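The values are calculated or read from the model by the stated rules, or taken from the named source; none is laboratory data. What you see is a predicted model; the values in this text were computed from it and never measured. All Cβ positions, glycine included, derive from the backbone under ideal geometry; neighbour counts span all protein chains shown.
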Amino acid sequence: MIKQQFEISAGYKKWTNILLGVGGLALVLGIIFLGMSKDEVEQTRFWASLLQNSVFFLLVVNASMFFICATTLAHGGWQMAFRRVPEAISSLVPVFGILAMLVFVGIVFGHRHDIYHWLDKEHVEHDPILKGKSGFLNPTFFMVWSVVAIGLWSFVGAKMRKLSSEADEKMDGEQGAKYVVKNTAWGAAFLVIFGLTVGSTIPWLWLMSIDPHWYSTMYSWYTFISSFVAGMSLVVLFVVYLKNHDYLEYVTEEHLHDLGKFMFAFSVFWTYLWYSQFMLIWYANIPEETVYFKPRMQGVYRGIFFLNLIVNFAVPFLLLMRRGSKRNYTTLTFLAILIILGHWVDFYQMVMPGTMNEHYSLGWFEFGILVLYAGLIMHFVGKGLSKKPLVALHHPYIKESIIHHT
Amino acid sequence: MALKKFVVGCFEDEKVLFPAVEKVRKAGYKFHDIYTPFPVHGLDKAMGLRDTSIHTAGFLFGMIGTTTAVTFMTWVFTKDWPVNIGGKPNFALPAWIPITFELTVLCAAVGMVLTFCYICQLAPFLKRHHFHPRATDDLFVMVIECSEKANEEELKSFLGSVGAQEVNTQVAEEGWWIGKYDEEQELYKEPNIA
């Protein structure tokens, strides 16, 4: 029996509640034992971990909307059979945006210069490099630009989702053509905003400014691709889940194959950007630049540094290379989970060396917040999916998706 | 270089070709090959050909390239002619990655092309028989070899009945080395309808 409308099953609800419960408990314990602790290091751990998770998951769910807009702009039709899935994921952007803003408010107005050095006004006065960057790295611009970025993602994303609902109604050829143009225009607007935020300024502000003396022109793309691969993997997880529960009748192995190609190709692209950033700095060997890699490659983060490469490059590259593995539900699910965790670790090594220095910890709190976010994703995506029919049956491109063949 | 007899059926359209392919397989005939003006999606599956192994070959060729690049550079820079370049270690793996990558891609690509030519029995000096000149333009040309099981006259009338526009018999040379692609056709099976 093929079902048009997603209904949250009892098992799904149970797992959501378990994850939310465990994660919520970790957050509460974290606030009590870490956030309100007298120990400076524990406080830093609390805020750094919140920052890492909130930024990572916000960018990951936002990558779904990037996928929708990029395929819309390219007049792609193959994704129509499952497009409601990334739509539901992207409806999390406002939620995770608010959570991230709460963390930013806590960090910036709590003057946590252990997270962002440039929050220390006195230090900035005596530091010519930070002084020179203070037009960009200051609390006002940070907060305003973060609010603007999250607001624009949420607004244009909501517009795209609303447009998608229109395709539930019948439309004739002329209406369909107009509809496609309207979609393209809004998709293009989103991509421009995306380029100005995720593609450049936002990773500089949120993550690169943890090491404010250092800079890399590759950083934003690298961060974006990291979140995009994880975002595609998240889409795969939900598509496979729905497929296993007799939803999404038009999704075949062909669609899954193409999603697998996205995971494969962008894992390789991530490596390309990782390597481009690393190689130039390694080769030039200028102290201002190598300062970023020194603690990561030679300090306590050495294990994580190489784990990052193995999990995010070697494993997906070798395992996803075969055609059969991109069409196999089990391999794809395994790799999707691995890639999401891998890029979570990638964000971990972006945030921690600059904040925690050598006192890093990867324990109950870090994984607890990860579990909390997993629960939030399951809860809100489940809700988003159950609101609308799972396929926009009257979208002009739906036929293209049904007969899709790789 | 044995001469063999083939029955050739020409189809104007994919829409006629696909049902015809199915009927030919159901009747138990084996294809020599089908020549199409452009790559037709799903035709290999419809013909019952097994999945190609060219990607496995490509992977192996790529590995050969990777190994060659890494071992050669290691030998040059650590054993044969160690030079201090910018204070870098002699075994400077990050600096070698572009060359390793390029040699991998080169070996995989060239190796796959050569393998493909070998399997399809193509070579610059070799003249292959064309069953129909329009196969490179707009005609789908199905070729079936005559054998004890495949009688020429029966085949001709059969191909006509499944929608071939033009049917004729041609005597041509088969390939002159061990290409076995056309012998690896699976028997017809009813498709699974899930």
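Some points to look at:
- Flag for B:A109 being surrounded by 15 or more Cβ atoms within 10 Å (Cβ to Cβ) and not aromatic (F, W, Y): no
- Within the range A:291-305, the set of residues being surrounded by 15 or more Cβ atoms within 10 Å (Cβ to Cβ) and within 12 Å of chain B (Cβ to nearest Cβ) comprises A:F293 only.
- Scanning the range B:1-38 for residues that are closer than 14 Å to B:T169 by Cα and modelled with pLDDT of 90 or more turns up B:V7, B:V8, B:G9, B:C10.
- Unmet requirement for A:L137, which otherwise passes all of (1) at pLDDT below 95; (2) part of a helix (DSSP H, G or I); (3) surrounded by 17 or more Cβ atoms within 10 Å (Cβ to Cβ); (4) not acidic (D, E): (2)
- Failed item in (1) surrounded by fewer than 21 Cβ atoms within 10 Å (Cβ to Cβ); (2) closer than 30 Å to A:A177 by Cβ; (3) more than 14 Å from every other protein chain (Cβ to nearest Cβ), with A:H379 passing the rest: (2)
- Restricting the range B:72-95 to residues that are within 14 Å of chain A (Cβ to nearest Cβ) and outside any helix (DSSP H, G or I), the residue that is surrounded by the fewest Cβ atoms within 10 Å (Cβ to Cβ) is B:G87.
- Residue in the range B:80-90 that is without any contact (Cβ under 8 Å) to a residue 24 or more places away in the chain and small (G, A, S) present: yes
- Residue within the range B:99-120 that is away from chain A (no Cβ under 14 Å), touching a residue at least 24 places away in the same chain (Cβ under 8 Å) and touching a strand residue (DSSP E or B) at 6+ places or on another chain (Cβ under 6 Å) present: no
- The range A:331-350, residues that are out of contact with any Ser or Thr (no Cβ under 7 Å at 6 or more places or on another chain), of a type outside the set (F, W, Y) and surrounded by fewer than 21 Cβ atoms within 10 Å (Cβ to Cβ): A:T333, A:I337, A:L338, A:L341, A:V345, A:Q349
- Residue that is nearest to the other protein chains (Cβ to nearest Cβ), among those in the range B:25-40 that are surrounded by 14 or more Cβ atoms within 10 Å (Cβ to Cβ) and under 19 Å from A:H405 (Cα atoms): B:V40
- Residues that are within 11 Å of chain A (Cβ to nearest Cβ) and either surrounded by 14 or more Cβ atoms within 10 Å (Cβ to Cβ) or charged (D, E, K, R) (or both) within the range B:41-57 comprise B:K45, B:D51, B:H55, listed in sequence order.
- Residue within the range A:306-323 that is within 14 Å of another protein chain (Cβ to nearest Cβ), small (G, A, S) and either touching a His at 6+ places or on another chain (Cβ under 6 Å) or under 22 Å from A:V235 (Cα atoms) (or both) present: yes
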